[in-house]
Amino acid sequence: MATVVAVCNNKGGVGKTNVSCNLPAFLTLYQKTVLLVDFDHQANATYSLGFNSKLVPLSIYHALVGQISPIALVRTTALFGFDLLPSSQDLAGAEIELVGLQNREIKLAEILESFRPRYDYIFIDCPPSLGLLTVNALVAADEVLIPVQAEYLALEGLSQLLSTIELARRNLGKDLRDLRALLTMHDRRSRICREVETNLRNNFPGYVFQTTIPRASVLAEAPKFGRTILHHAPESKATKAYRQLAEEFLKLHENSEKV
Ligand code: ATP
Ligand code: MG
């Protein structure tokens, strides 16, 4: 049964999509089966993996508010070894369309239920907001991975996200087992980066991945070619970091399975 991981931060541009597209590629190296759900109307993950709206006219939106079977929407990415449930601009309207529906917070959870037996991990690339879509993602998730860009004010938005998670926990009866922050676009030479890292590790001991993802131009340019970093620059420092992240991620999950 899959573990569902929401990749979530209401702050925009912190690396959610980058992590959502790259970490699964490395998990497949360890024989894990992964589904990535693009849950942002910007559809950045969908485009980053080489799909466009012509190739994928139907998206998660059509399963969410329509009658389309979500299984029919899944795209296999032979090159990357993991599957994608694509997004499209239509999803922008879903926040409003969902408001009138009953059980509007559990729509994504219902959709993902049918996928749980098929995968080891399901990642949800969340939008940069704390609206109904993010609440749906939090309700569907077993755990939350929070990319934090190592920069000034990085921790400000974090408290908002943590209260939304707490709300989902209390009001929606959700037991989000695990929360973990991941430092992204990290540059050890920068004083502000080092300060944010120290701050984060001191404030949330035990809740921050040891691995950090460096700021690297190869990571920014891989999506242009519709590739993950593993396929775009297999020998780079960024690839080494993502491999280390995959190992740390799997070790944490092996340990929690033993408990
Ligand atoms: P949004 O909130 O808009 O969904 P996001 O949190 O998903 O954004 P990304 O799209 O992953 O953030 O990253 C924002 C920008 O920074 C993109 O142009 C991406 O290519 C670039 N980027 C992400 N991670 C790195 C990195 N480690 N090094 C260099 N550039 C990066
Ligand atoms: Mg994104």
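Accessible area per residue for the chain in Å², computed with a 1.4 Å probe and the full protein assembly in place, what is it?
Accessible area per residue, the chain: 46 Å².
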Between Ala150, Phe115, Leu172, whose Cα lies farthest towards the positive end of the dipole of the range 90-243 when Lys and Arg beta carbons carry +1 and Asp and Glu beta carbons carry -1, centred on the Cα centre? Ala150
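For a quick check of your reading of the filter: which trypsin sites (Lys or Arg not before Pro) in the range 38-114 sit in a DSSP loop and have no more than 12 other Cβ atoms within 10 Å?
Passing sites in the range 38-114 are Lys54.
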With the charge dipole of the chain built from beta-carbon charges (+1 for Lys and Arg, -1 for Asp and Glu) about the Cα centre, the Cα from Ile192, Leu130, Val99 projecting farthest to the positive end belongs to Ile192
Of the trypsin sites (Lys or Arg not before Pro) in the range 125-202, which ones lie in a loop per DSSP and count no more than 12 other C-beta atoms within 10 Å? Arg177, Arg188, Arg189
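With all protein chains present, how much of the accessible area of the chain (probe radius 1.4 Å) comes from carbon and sulfur, to the nearest whole percent?
Summing carbon and sulfur atoms, their accessible area is 50 percent of the total for the chain.
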What are the lysines whose alpha-carbon lies under 25 Å from the alpha-carbon of Lys224, with same-chain residues fewer than 8 places away excluded? Lys11, Lys16, Lys54, Lys237, Lys240
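The values are calculated or read from the model by the stated rules, or taken from the named source; none is laboratory data. Every value quoted in this text rests on a predicted model; they were computed, and no experiment measured them. In this analysis, Cβ positions are derived from the backbone assuming ideal geometry, glycine residues included, and neighbour counts consider all displayed protein chains. Note: areas computed on protein heavy atoms with side chains; ligands, DNA, RNA excluded. Shrake-Rupley method; radii C 1.70, N 1.55, O 1.52, S 1.80 Å.
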